[in-house]
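Worksheet: the structure to be examined is printed underneath.
What follows draws every value from the coordinates through simple rules; no lab data is involved. Note that the coordinates shown come from a computational prediction; the quantities given were computed from them, not determined experimentally. Don't worry about glycine lacking a Cβ; one is built from the backbone with ideal geometry, like all the others, and counts go over all protein chains shown.
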Amino acid sequence: MKRYLPIIAIIISMIIWSVSGIAIKHALDVLPPFTMIVLRFVPSVLLMLVIGLICRKSTLFGLQKMELRDLPLFLIAGFCQPFLYYLLETFTYDALNSPTIAETLLSTSPLLSPVFAALFLHERVTRNNIIGILISTAGVFALTLVGSSDYSIGNYWGILLAFAAVSAAVVDSIMMRKVPMRYSSLSFIFYAQLVSLLFFLPIWFFKEGPSVLATLDFSQLSTLHSQLSIAMLCVAYLTIFASVIAFILFCYGLRQVGVTQANAFNNIRPAFTALWMILFFGEHLPIGKWIGMGLIIFGLFVCQKQEKVSDS
């Protein structure tokens, strides 16, 4: 059972993140994007600081002091994700006409992970890894594109932005593996998000901060109470579950199984999102999307299957 714990941790993180898109959409109905990000990550950093200090001796939740020689790794990780990934993701959705196309392109991290892992970590990429990732990615395309009425691309820069965003996320995964194991998963996420926050805060201040405060009309708070309550509940979910619990679980799992296998599970996020839309919003899925979900799950089984080592 113990050997399956990293896989279970990764799957739980994907289930949590599969709800993130829905929560972000509802939060953005009321809050400007950078304001929402700051409201999300300031509490998450503080929460991890408290947990890390209380559970100092825990191998998973303890907070270790950063050594100066490891600072570049945390700077790269924090710059790549959430900071750079979130910016590039936003510009991708803005540049491409179809959100479906954008979502599909942003789901291609499993395709890039083996290349980055082999180049920078010298991880062994097996034939089953490649076949499983290709099958699973085909399922993602089927799941997101079947039934879509808008296949127009829009600004072709959007394609480059999408792959740049995915590359940033994969580089962040590489940093999770390169950071010494003496740092707990919480320590890695805490320092990475703290770095990201230092990049986000100046942008928020100059872009949205003064205008948010200037346009705040307290006389309309009663009218906005319902919408604001939903938005803050969504931000609370993003803070506690998506930014803290999911990231820590994913970091733990990735450091155990490797970049290629861990990122392969990113393909199940659209599948879980589709299931939530069926269960809670009554969305009907055509048969092609069910086939896509089946391919995703089958591809993950193939990707995780160990190959027999020949004696020759």
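Can you compute the helix-only [θ] at 222 nm over the chain? Use -39500 (n - 2.57) per DSSP H run of at least 4 residues, normalise by all residues, nearest 500 deg cm²/dmol.
Result for the chain, helices only: -22500 deg cm²/dmol.
Only Cα pairs within less than 10 Å get springs; with that Gaussian network setup on the chain, which residue of Asn128, Asn263, Asn155 has the largest fluctuation?
Ranking Asn128, Asn263, Asn155 by mean-square fluctuation puts Asn155 first.
Which one, [x] 19.1; [y] 31.3; [z] 18.3, gives mean projected area of the Cα convex hull in nm² as derived from the coordinates shown?
[x]
So which lysines can Lys2 reach, going by Cα to Cα under 20 Å and dropping same-chain residues fewer than 8 places off?
In chain and number order, the partners are Lys305.
Sorted from fewest to most neighbouring beta carbons within 10 Å, what does the list Leu198, Leu186 look like?
Going from least to most buried by this count: Leu198, Leu186.
Between the range 24-84 and the range 163-179, how far is it from one alpha carbon centroid to the other, in angstrom?
16
Would you kindly state the longest site-free stretch of the chain, with sites defined as trypsin sites (Lys or Arg not before Pro) in a DSSP loop (not H, G, I, E, B) surrounded by at most 15 other Cβ atoms within 10 Å?
After excluding every exposed loop site, the longest remaining stretch is 183-304.
Pairs of alpha-carbon atoms within less than 8 angstrom and 6+ residues apart define the contacts here; what relative contact order does the chain have, in percent?
Contact order relative to length: 39 percent.
Using Cα springs under 10 Å in a Gaussian network model of the chain, which residue among Leu279, Leu143, Leu111 shows the largest mean-square fluctuation?
Leu279
Under the rule a/c < 1.5 gives rounded, and otherwise a/b versus b/c splits prolate from oblate, where does the range 46-172 land using the Cα gyration tensor?
The shape class here is prolate.
Using a Gaussian network model of the chain with C-alpha springs under 10 Å, which one of Thr260, Thr137, Thr273 is most mobile by mean-square fluctuation?
In the Gaussian network model the winner is Thr273.
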